[in-house]
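Novice: Encoded as structure tokens, here's the structure I'll be asking about.
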Amino acid sequence: MADFGMPPKGDEIRELITQRLKHAMTEAGAKVTVDWRGEPRHLYVISMPVDLLYFNPDTHRIRAQRTLDPVRNQAIDADPWGEDAQTYLHDLLRQRPANPDQVDPDFTALKDELDDSGQREPGIVSPHGILVDGNTRAAALRDLGVQNIKVGVLPDDTSRLDINSVELTLQLRQDRRRDYSYINRLIAIDEELSRGRTEADVAKDFNIKPATLQRDRWVYGLILDAIDRSKTTDGASLRLVDFEQHQEKLRELHRDYSNLAKSNPDAATRLKQSRLAMVLLDYPKTSLRLAEDDFHTRYLDPRLPEDLKPTPASATAVSVPGLPGVTMPGISSDSAAAEALTDRLLRAKAVAHSGSISTTSDVTAAADVMRRARETFDVAVKMAGQNAELVKRQTAVPERLTDAAEYVTQCANEFAEAKAKRALDEEAFDDALIVLRESLAGLARQAGRTFTAPGEGVAWLLDTVRAK
């Protein structure tokens, strides 16, 4: 865990906090309860000048968004308490996680609430003035020109680990009004697990099922791998925040990949690569569902321009650790081709969004790759959708008959029960059978025109109608 050291005004802040804590104790002031090293701790609440306190550089609220501006992010690493770093943190706390170009509507709502009703819940601060909980409230109060913020004060021996633990515990309470963004939540889960905690304990803290935690760990690993694959020689790469708005797509990808991997790992790899490519091209979730394991070979590869067909590395056998001379077959050439195309799109998107890192000509070329890839994928998605609709129509007819058979079976059971209770409306039953007879006659006419060599079922239907 990063050690940011003591804020420059830490001693001054600590002296002021000590004075105000003494006054709060004398007056038996208000308290706020936090989970402190596994036990409840009641902290006195005091009022502090909001401009004197420091935004927490390590807050999970904006952990992924910090990478939006590499230069300003570097300022946080170099001098987290400096004006440049603190201003950047202030800006990030205002922004919408999935679209940093916009002000977060939740931030606007919080600011309006503070302006109308004042601060209701106290924040939490370290003895040296680092905001543990209430970073967003502090940002809003500064924007409103409010001078002071109410905060509970952590004990004197507070460490960076304590700051992160208290922040996370408070965030996971059910009454918190602004949740972590999806990616920042994944980061927080990963950090908790990296501390040696069990999946069961972390899942309990985050109020999720262990299976959900494992799914989110898979998604986080997929994102980190995609970022690593996107890196170019000039230093461009995708960022965690680039995947912020794709939560549901990635969760569905995990589900379908996991189900297919049980029976055909190579097919699961092809499905994963095709859908990841479609995530990069910003397709909606409904379109991603059309990309099955044969999407690349059946619909995409025949339509790809030659310069968008990267040559995949030849498949090689994989050695089994601990078993000298034993190998497993590598991925197939089809899977390698799908993976190579996705690699190409990962790097192209990284360059297209790299800003000042890449040259103008490189950015233009990368944007052109993404545009032409999208055009090709559009055709492939359309073809896959038409085929899916055809398959749906082909299965719809027999499914309708199966449903009708279930209803008839249920009718027979209810007929016997109604007869036993002398509750059968014989006239209505007879009328319903006439309607059924006419329906079967219409179906028989269609089947008679279609099948030149009818099977047993169709022959029965035709004979039944003729017998009438």
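Novice: Under the rule of at least 5 residues apart or a separate chain, name every residue whose amide H is placed under 5 Å from the amide H of ILE149.
Specialist: MET48, VAL50
Novice: Residue by residue through the stretch 39-44, which ³J(HN,Hα) values in whole Hz follow from phi under the Karplus form 6.51 cos²θ - 1.76 cosθ + 1.60 (θ = phi - 60°), with glycine and proline marked x?
Specialist: 10, x, 10, 9, 10, 5
Novice: If you place +1 on the Cβ of every Lys and Arg and -1 on the Cβ of every Asp and Glu, how big does the dipole about the Cα centre of the chain come out, in debye to the nearest 20?
Specialist: Charge dipole, the chain, about its Cα centre: 720 debye, nearest 20.
Novice: Please compute the alpha carbon radius of gyration of the stretch 10-179, then divide it by the globular-protein estimate 2.2 N^0.38 Å. Two decimals is fine.
Specialist: The reported ratio for this selection is 1.00.
Novice: Quickly estimate the mean residue ellipticity at 222 nm for the chain, helices only: each DSSP H run with n ≥ 4 gives -39500 (n - 2.57), and the total goes over all residues, rounded to 500.
Specialist: -19000 deg cm²/dmol
Novice: As a footprinting exposure proxy, order LEU345, LEU238 by other Cβ within 10 Å, with the fewest listed first.
Specialist: Details: LEU345 26, LEU238 22.
Fewest to most other Cβ atoms nearby, the residues stand as LEU238, LEU345.
Novice: Can you list the residues, at least 5 places off or on another chain, whose amide H is less than 5 Å from the amide H of ASP58, using H built in the peptide plane?
Specialist: For ASP58, whose amide H was placed from the backbone, there are no distant partners under 5 Å.
Novice: Based on other C-beta atoms within 10 Å, arrange ARG229, ARG449, ARG347 from fewest to most.
Specialist: So the ranking, lowest neighbour count to highest, is ARG449, ARG229, ARG347.
Novice: Using θ = phi - 60° and the Karplus curve 6.51 cos²θ - 1.76 cosθ + 1.60, what whole-Hz ³J(HN,Hα) does each residue of the stretch 207-220 get, with Gly and Pro shown as x?
Specialist: 6, 10, 6, x, 5, 5, 4, 5, 4, 5, 5, 5, 4, 5
Novice: In nm, to one decimal, how far is the modelled label at ASN264 from the one at GLU399, with both set 7 Å along Cα→Cβ?
Specialist: 2.0
Novice: Continuing with this model, one more query. Cα to Cα, under 30 Å, and not fewer than 8 places away if on the same chain: which lysines meet these conditions relative to LYS419?
Specialist: Qualifying lysines at Cα under 30 Å: LYS468.
Novice: Pull up all non-local amide H partners of LEU43: gap of 5 or more, or a different chain, and H-to-H distance under 5 Å with H placed in the peptide plane.
Specialist: Residues meeting the criterion, in which the H sits 1.01 Å from N, are VAL32, THR33, VAL34.
Novice: So how much slack lies between GLU199 and ALA432, counting 0.36 nm per residue of separation and subtracting their Cα-Cα distance, in nm? Before the final figure, lay out the partial values.
Specialist: Numbers: separation 233, 0.36 × 233 = 83.88 nm, distance 5.87 nm.
Once the chain is fully extended between GLU199 and ALA432, it gains 78.0 nm.
Novice: Counting DSSP beta bridges with both partners in the stretch 10-179, what percentage is antiparallel, nearest 5?
Specialist: Among the beta bridges of the stretch 10-179, antiparallel pairing accounts for roughly 80 percent.
Novice: Count the net charge of all other residues whose Cβ sits under 15 Å from the Cβ of PRO398, scoring Lys and Arg as +1 and Asp and Glu as -1.
Specialist: That works out to -1.
Novice: Let me ask another. Give the cross-link partners of LYS9 among the aspartates and glutamates, using a straight C-alpha distance below 19 Å as the criterion and excluding same-chain residues fewer than 8 apart.
Specialist: Of all the aspartates and glutamates, those that pass the test against LYS9 - Cα under 19 Å, at least 8 places apart if same chain - are ASP51, ASP58, ASP77, ASP79, GLU83, ASP84, ASP156, ASP157.
Novice: If I model a spin label as a point 7 Å beyond the Cα along the Cα-Cβ vector, how far apart are those points for ARG445 and ASP143 in nm?
Specialist: 6.8
Novice: If each of ASN207 and THR311 carries a label point 7 Å out from its Cα toward its Cβ, how far apart are those two points in nm?
Specialist: In this crude spin-label approximation the distance works out to 5.6 nm.
Novice: Taking the dipole about the Cα centre of the chain, with the C-beta of Lys and Arg at +1 and of Asp and Glu at -1, give me whichever of GLY152, ALA404, PRO284 is farthest to the positive side.
Specialist: Farthest towards the positive pole: ALA404.
Novice: Continuing with the same structure: Suppose R0 equals 35 Å. What FRET efficiency, 1/(1 + (r/R0)^6) with r the Cβ-Cβ distance, do ASP368 and LYS285 give to the nearest 0.05?
Specialist: 0.85
Novice: From the phi of every residue in the stretch 73-82, what ³J(HN,Hα) in whole Hz does the Karplus formula 6.51 cos²θ - 1.76 cosθ + 1.60 yield, where θ is phi - 60° and glycine or proline is x?
Specialist: Residue by residue, the stretch 73-82 yields 5, 4, 4, 5, 5, 6, 8, x, 9, x Hz.
Values in this text are rule-based calculations from the coordinates and carry no lab data. From a predicted model like this one, the values you see are computed outputs, not experimental measurements. Positions of Cβ are backbone-derived with ideal geometry, glycine not excepted, and every protein chain shown enters the neighbour counts.
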